[in-house]
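Reviewing the structure listed below.
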There are 2 protein chains.
Amino acid sequence: MIELYVLGSGSSIPNFKRFSPAQYLKIEGKNILIDCGEGTQIQLQRFGLSILNIDYILISHLHGDHFFGLFGLISSMLLLGRIKPLTIYANENLIPILDNVFQDKLSGTYFPYTFVSLSYDGINKLTENNKFEVYSFPLDHSTPTCGFAIKEKLRPRNISKKFVEQYNPSIEDIKAIKQGADYFDKNTKKLFKNEDITIDPPQPFSYVYCSDSAFKLYDFEEIKRPEYIFIESTFLNDKSDIARSKKHMTATQAAQLANNLNAKNLIMGHFSAEYRDTCLFLLEASKIFPVDHIIIAYDGLKISYDNYKKAKKI
Amino acid sequence: MIELYVLGSGSSIPNFKRFSPAQYLKIEGKNILIDCGEGTQIQLQRFGLSILNIDYILISHLHGDHFFGLFGLISSMLLLGRIKPLTIYANENLIPILDNVFQDKLSGTYFPYTFVSLSYDGINKLTENNKFEVYSFPLDHSTPTCGFAIKEKLRPRNISKKFVEQYNPSIEDIKAIKQGADYFDKNTKKLFKNEDITIDPPQPFSYVYCSDSAFKLYDFEEIKRPEYIFIESTFLNDKSDIARSKKHMTATQAAQLANNLNAKNLIMGHFSAEYRDTCLFLLEASKIFPVDHIIIAYDGLKISYDNYKKAKKI
């Protein structure tokens, strides 16, 4: 089960209804915080998530609305006696800021803490384990900014339960079949072609997060065909000039980008506080992207995704 | 009319119900923000207060829960094109932190910004105008910490309207009478003693803010007999050992201090998040301080005070 929470769906000036950007992704036993606007620790508590469980923090860029929540979050981690290691991926200019605020408190005396500086030259793998990979890729904003992609790895093929019960292959054989091998049954002298006893594994889940950026098309294979994509939609099309000058996107552009990347579902957010009715974002985007696959983000939006359930049974 | 708002009534680890410490005092056309925990700009908006109107920010000490909201607040002031001057009173160690976060943006290119370092040697007048004075005084916490007192100045004496109508004194004479002079009426050759034609002005309002501190008694005349006093009450008496070791106060101690300073009304707050029922703070304090003069702070508490209305009419 994968769970995505939108903690803050607002933009540069937060309010009680829409906090500044922050999202939380639970995937394969790991917990990833993406951006950390002011009040993120309050929202984590509000939506029943523990600040002590976060494994990775990805900060897209150093505009205040995307990282000012780090101070309070880290401070509370220290107060609560966190011992779990934490890795922060962000622009290197964050290092002196954190050092200045926390002095020697992040030197490792408290919890193991790693800082990884983002680079902006194409797509980069930030981390991986045997279940998923995390990538960054450069966006086009007024300060160095990255988008992020979190991709499950392709799982082994699904083997037929009926076949296993009937022919009782060894564990080694099962492993080989799951990797695509055929099977020869010694008792019956029968050869089973792999495609007859397995089916494709579930489609790996992938999530792409495009924070603040001007409209731009991308050709990175790693971010194509995501199950969900979040794209900032600060303005509507009537303010496309302002969007361009401030290097933000309109709802139309967000939908175009989602289409271009063949995303299945588009989550829109980062709405400018000047818009009272976010339905207008849905209306505008739905002219380009299928309306029943558009989600208007709000604080507390939770998306649960179970690709096992969605996969065919054999 | 004087208005006090509690924006955040919580303590070190904020939550959606109780944000970190921040209060807002409207007095004689000036707006004073006292402490600025994470999310203060959200609370200001929530309770209908403009972040652009703040004249002074007083930061009691540099524990994160008392100043991490400054980053977002100042950032929004910059985004909204603030031009009104701002003065921040805080520990000098805040200067490099703000410089680091805002780089050259606070150099005066944007809005006139003044930083005043607090000192910790007795009571100090931070600022005054013809209506009120602001003082700081040292508290006893684990980092240099100040409490604050905002005191209205004594107004001129109230002169009888009936007397003015009947004897038509000159403007100069009225000014002298309001300062305490007697009046000789040339026409009737009658001498009016000051006490017969004036009454005392309304009692000047004063507010004292005691943020994080161990229990300690104070002998500063400037903080005695406040109309309202806020005193941190992080713990109940059953945790007096923890309170002592962490240099915080219990509800009992807050009530003792309020009594000692002859405060009229005690506002209690900064409750540790571990307490679910803040009624217990009221119960404990009411054994020492009159229960109908105790106010349990909550986010959004607003106290309006009109000392003209309270004053006797002549």
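Taken as Cα centroids, segment B:43-73 and segment A:54-116 sit 22 Å apart, rounded to the nearest whole angstrom.
Pairs with C-alpha atoms separated by more than 26 Å, drawn from the list A:K105/B:K216; B:K17/B:K125; A:K162/A:K193; A:K161/A:K190; B:K26/B:K246, are A:K105/B:K216; B:K17/B:K125; B:K26/B:K246.
Shown here: segment A:1-104, whose C-alpha atoms stretch 37, 33, 23 Å along the first, second and third principal axes, sorted largest to smallest. The slack between A:Q203 and A:D121, meaning 0.36 nm per residue of separation minus the straight C-alpha distance, is 26.6 nm. Taking every DSSP beta bridge that has both ends in the protein assembly as shown, the antiparallel portion is near 60%. In sequence order, segment A:74-85 has phi-based couplings of 5, 4, 5, 4, 5, 5, 8, x, 4, 10, 5, x Hz under the Karplus curve 6.51 cos²θ - 1.76 cosθ + 1.60, θ = phi - 60°, and Gly or Pro positions carry x. With label points set 7 Å from Cα along Cα→Cβ, the inter-copy distances at A:S240 are 7.1 nm, sorted shortest first. Coordinate range of the alpha-carbon atoms in segment A:172-314 per principal axis, descending: 73, 29, 24 Å.
Loop-located chymotrypsin sites (Phe, Trp or Tyr not before Pro) across segment A:112-162 with a Cβ neighbour count of 15 or fewer within 10 Å are A:Y120, with loop assigned by DSSP. Under conditions of 37 °C and 0.692 mPa s, chain B yields 156 µm² s⁻¹ as its translational diffusion coefficient, taking Rh as the Kirkwood radius over Cα pairs in the Stokes-Einstein equation. The Cα center of segment A:249-310 and the Cα center of segment B:153-208 differ in position by 70 Å. In sequence order, segment B:33-42 has phi-based couplings of 9, 10, 6, 8, x, 3, x, 4, 5, 5 Hz under the Karplus curve 6.51 cos²θ - 1.76 cosθ + 1.60, θ = phi - 60°, and Gly or Pro positions carry x.
The calculated P(r) of segment A:113-225, using every Cα pair and 5 Å bins from 0, goes 2, 10, 16, 15, 10, 9, 8, 8, 7, 6, 4, 2, 1, 0 in percent. Amide H to amide H, with H built 1.01 Å from N, B:L118 comes under 5 Å of B:A90, B:N91, B:E92, counting only residues 5 or more places away or on other chains. Between B:S75, B:S240, B:S170, the residue with the greatest mean-square fluctuation in the GNM of chain B (Cα pairs under 10 Å linked by springs) is B:S170.
Projecting label points 7 angstrom from Cα along Cα→Cβ for B:K287 and B:E92 puts them 4.4 nm apart. Calculate log10 I(q)/I(0) of segment A:181-227 for q = 0.23, 0.25, 0.28, 0.31 Å⁻¹, where I(q) comes from the Debye formula with a single equal point scatterer on each Cα and nothing for solvent. Here the Debye-derived log intensity ratios amount to -0.90, -0.97, -1.08, -1.16. Within chain B, what is the longest stretch that has no trypsin sites (Lys or Arg not before Pro) placed in a DSSP loop and near at most 11 other beta-carbon atoms within 10 Å? So the longest stretch without any such site is B:1-185. Model label sites at B:N130 and A:L191, defined 7 Å from Cα along the beta-carbon direction, differ in position by 10.5 nm.
As a calculated quantity, the FRET efficiency between A:A181 and A:L217 at R0 = 41 Å, using C-beta atoms, amounts to about 0.55. The antiparallel fraction among DSSP beta bridges confined to chain B stands at about 60%.
Computed from label points 7 Å out along Cα-Cβ, the spacing between B:K162 and B:L280 is 5.8 nm.
With 10 Å bins beginning at zero, the pair-distance distribution over Cα atoms of segment B:7-68 amounts to 25, 56, 18, 1 %. Near the amide H of A:Y218, within less than 5 Å, lie no amide hydrogens of residues on another chain or at least 5 residues away, with H placed in the peptide plane. Its Cα centre serving as origin, the protein assembly as shown has a Cβ charge dipole (Lys and Arg +1, Asp and Glu -1) of approximately 1340 debye. Across all directions, the shadow cast by the convex hull of segment B:30-188 built on its C-alpha atoms averages 13.5 square nanometres. Across segment A:75-174, Cα pairs under 8 Å and at least six residues apart give a relative contact order of 19 percent.
Rg/Rh, computed from the Cα trace of the protein assembly as shown with Rh as the Kirkwood radius, has the value 1.12.
Mind running the shape call on segment A:158-199? Use the C-alpha gyration tensor, a ≥ b ≥ c as the square roots of the eigenvalues: rounded below 1.5 for a/c, prolate if a/b tops b/c, oblate otherwise. Rounded, because the longest to shortest axis ratio a/c is under 1.5.
Counted residue by residue at 0.36 nm each, then reduced by the alpha carbon distance between them, the extension gain from B:K26 to B:S245 reaches 75.3 nm.
The numbers here are math on the coordinates, done by the rules we state, and not lab data. Note that the structure is a prediction, hence the values are computed from the model and not measured. Counting neighbours? That spans all protein chains shown, and the Cβs are built from the backbone with ideal geometry, glycine included.
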